[in-house]
Amino acid sequence: MTKYMTTVPTSRPRNVGVWRAAATLYGDWGTSKAYVIGLAFALAAYASFWFILAVSILTMLVGINYIFICKFYPMGGGVYTSVRNRSKVLSLLGAFFIIADYLVTASLSALSAFNYLGVTQPEIYAIIAIGVIGLMNFFGPKHTGSIAIGLAIPTLLVVLCLGLLSLPFLPQAVHVLTPMSKNIGTDWRIFVGIIVALSGIEAIANMTSSMKLDPGSTIKNPSVVKTSTPAILIVMVEVCIFTSLFGLAMNALPGLEISGNDVNAPGYPNVRDAMLRYMGEVFGGTLFGAAAGMMISYVISIVITLLLLSAVNTAMGALISLTFIMSRDDELPQYFQKLNRFGVPVYSTLFAFLLPMGLLLFVNDMVGLANLYAVGFVGAIAVNLGATSTNMELGLQPWQRYFMFGTFLIMAVIEFSLFIDKSEARNFVFMIVALGLLLRNFVVERKEKKMEGVAPRPILPEPPSDLKGGLLVAVSGINKVLDYALDEAALHNLPLNILFAREQKVVTESDSKRLWVDDHGACEVFDYVINKGSKNPTTFLYTITPHVAHSISEIAADKHVTRVFIGRHRGKTSFINLIRGTTPRDIFREMPKEIDLVVVY
């Protein structure tokens with residue numbers, strides 16, 4: 001009986017196109033207008049438009065820089081990934097900044113969602129919503145890109161309609177517009193206070209590793225410019241134009257008054273945190289009647305609420321991935337790597353939703369959260385731009401390098417200003433950094449040694465490169481399909497490839513080096529097949545993947561097999577259920593047409 005063993009690294013599917021990337025980015029970057037408009041009026045009243053316009057211009061500058069970042073980091077341009085090869089210290093600092101950002105993003109987005117629904121005590125509903133979304137993440141929900149598109153389209157339609165409703169009121173808005181004050185310090189503090197309109201751009205950089213490759217590029221030499229560039233431009237133009245438009249049109253709302261940090265309107269005690277909803281009601285009611293205005297406000301509330309809750313889930317997913325990867329890199333304790341049966345990091349998920357819930361217990365006001373918010377993403381952007389612009393190994397053109405470095409200086413000044421003026425933000429970031437460093441100090445122990453007394457397993461040789469063809473069976477344990485495949489291989493005297501696919505929501509570079517013998521479940525399958533005594537050439541294949549259907553089809557094509565078997569586990573959970581969302585139809589669609597797919601129930 002000839003047997004071979006190998007770990008098979010598989011590529012993640014690059015199936016994120018322009019519209020899917022733009023929709024995902026819009027779900028994060030595009031949500032800020034929902035709350036920044038009211039915050040700006042609370043700070044600057046009828047001069048708020050000038051500050052919103054200034055932030056929109058800065059947003060455009062940063063967006064252009066991230067076009068460059070996505071070009072030069074097609075395998076992931078987020079601050080932790082892109083900066084790590086340059087400086088581990090800077091990447092760690094950027095990681096703590098972005099962790100602070102994601103924590104506040106989840107809290108602020110949830111709170112804003114229920115402000116738009118107009119419920120009493122929105123912080124209670126926000127805490128419950130974060131808890132529910134967090135629990136759902138334990139099951140590793142899939143198809144978030146499709147959900148993003150499904151929510152981005154109605155949101156964009158609502159924004160377009162509200163923009164059209166605003167046009168007749170612009171002359172009145174311009175009439176009541178007032179200039180900024182002549183005090184540079186006061187104006188700067190207002191500008192920095194609404195910098196939250198810039199948040200969310202890091203989302204596109206984190207997506208480059210799953211974007212479709214440009215024509216002519218390869219996995220070894222990837223390029224995603226034709227996906228990332230239009231995605232950024234589409235969202236950037238929408239964010240800048242409509243945030244500025246609504247910032248101007250808001251001035252036409254009659255009777256707005258500032259009371260402390262609140263903005264009151266006739267008949268409404270506080271419209272600051274749901275300004276778009278109030279704009280829809282007033283503008284629609286004025287043009288088409290009170291009933292129509294009320295209906296428009298309901299539609300705006302529902303659509304924006306769903307988009308904001310989607311942003312909560314996006315922030316949690318990013319937190320889970322980042323803490324897991326940092327743990328793999330020995331920057332956080334190893335318990336962040338503990339996975340549940342669905343391949344989801346348990347403690348990373350707990351961290352991702354318990355901390356935002358706890359944050360809302362202490363800070364349940366939009367202004368307070370906004371103050372905490374800016375430090376994280378401004379710091380992350382500054383670190384990314386600074387490290388990238390000074391990286392001489394990148395092929396940045398001189399003007400691009402100077403442009404990026406100039407933007408970095410602006411972001412660094414803003415961050416420095418936030419640290420000086422916003423004591424709550426400063427303390428929050430210090431707390432996150434201190435907690436991160438404390439956890440990092442525990443990373444002195446290595447992975448637990450194998451239990452003593454257990455005989456070492458044989459390391460089988462790698463299969464020869466010319467060993468192709470035969471059958472392939474994909475398993476997650478000892479099951480009926482494994483026996484069926486062994487019998488089929490013996491009956492037809494064919495080589496058999498046994499693929500143990502370990503699903504894991506987040507896959508790091510070190511996972512591609514793990515061996516079959518390091519996985520207890522895979523070893524059980526190994527022992528079972530050895531004891532069966534198959535006489536056919538057998539190759540044990542092992543892979544860790546977040547996309548099982550893609551990996552099965554990729555390996556099947558590489559091995560030139562004629563038939564692939566999948567089936568049901570002997571326990572209560574089937575292999576198909578175990579990989580959640582992956583069905584025989586999904587595998588069939590991925591599989592080359594010349595390969596047969598056999599499902600054994």
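A few points about this structure:
- Of all residues in the range 388-443, those that are part of a helix (DSSP H, G or I), surrounded by fewer than 16 Cβ atoms within 10 Å (Cβ to Cβ) and among the hydroxyl-bearing types (S, T, Y) total 2.
- Against the conditions (1) in a helix (DSSP H, G or I); (2) of a type outside the set (V, I, T); (3) farther than 30 Å from F96 by Cβ; (4) open to solvent by 10 Å² or more (accessible area, probe 1.4 Å), S297 satisfies every one except (4).
- Screening the range 547-594 for residues that are open to solvent by 30 Å² or more (accessible area, probe 1.4 Å) and small (G, A, S) and picking the one that is modelled with the highest pLDDT gives A557.
- Search result, residues across the range 247-293 that are surrounded by fewer than 16 Cβ atoms within 10 Å (Cβ to Cβ), of a type in the set (A, V, I, L, M, F, W, C) and touching a Pro at 6+ places or on another chain (Cβ under 8 Å): L287
- Scan of the range 145-181 for residues that are open to solvent by 10 Å² or more (accessible area, probe 1.4 Å) and under 16 Å from Y46 (Cβ atoms), ordered by number: F169, L170, P171, Q172, V174, H175, V176, L177, T178, P179, M180, S181
- When the range 77-128 is filtered for residues that are of a type in the set (D, E) and either in contact with an Asp or Glu (Cβ under 6 Å, 6 or more places away or on another chain) or modelled with pLDDT under 90 (or both), only D101 remains.
- Top-ranked residue of the range 510-561 - restricted to ones that are charged (D, E, K, R) and outside any helix (DSSP H, G or I), ranked as nearest to S321 (Cα to Cα): R514
- For beta carbons closer than 6 Å, sequence separation of 6+ or different chains, a first residue in the range 267-285 that is under 15 Å from N251 (Cα atoms) and a second that is charged (D, E, K, R), the qualifying pairs are R272/D262.
- One residue alone among V83, V89 is surrounded by fewer than 16 Cβ atoms within 10 Å (Cβ to Cβ) and more than 15 Å from the chain's Cα centre (by Cα), and that residue is V89.
- The range 327-376, subset of a type in the set (S, T, Y) and under 21 Å from the mean Cα position of the chain (by Cα), residue surrounded by the fewest Cβ atoms within 10 Å (Cβ to Cβ): Y347
- Considering (1) open to solvent by less than 10 Å² (accessible area, probe 1.4 Å); (2) β-branched (V, I, T); (3) not in a helix (DSSP H, G or I), the lone condition that V104 does not fulfil carries the number (3).
- Within the range 533-546, being open to solvent by 10 Å² or more (accessible area, probe 1.4 Å) and either β-branched (V, I, T) or at pLDDT 80 or above (or both) holds for P537, I544.
The values are calculated or read from the model by the stated rules, or taken from the named source; none is laboratory data. Only a predicted model underlies this, so the values are computations on that prediction, with no experimental measurement involved. Heads up, the Cβs are rebuilt from the backbone with ideal geometry, glycines too, and the neighbour counts pull from every protein chain shown. All accessible areas refer to the heavy atoms of the entire protein, side chains included, with ligands and DNA or RNA removed. Shrake-Rupley method; radii C 1.70, N 1.55, O 1.52, S 1.80 Å.
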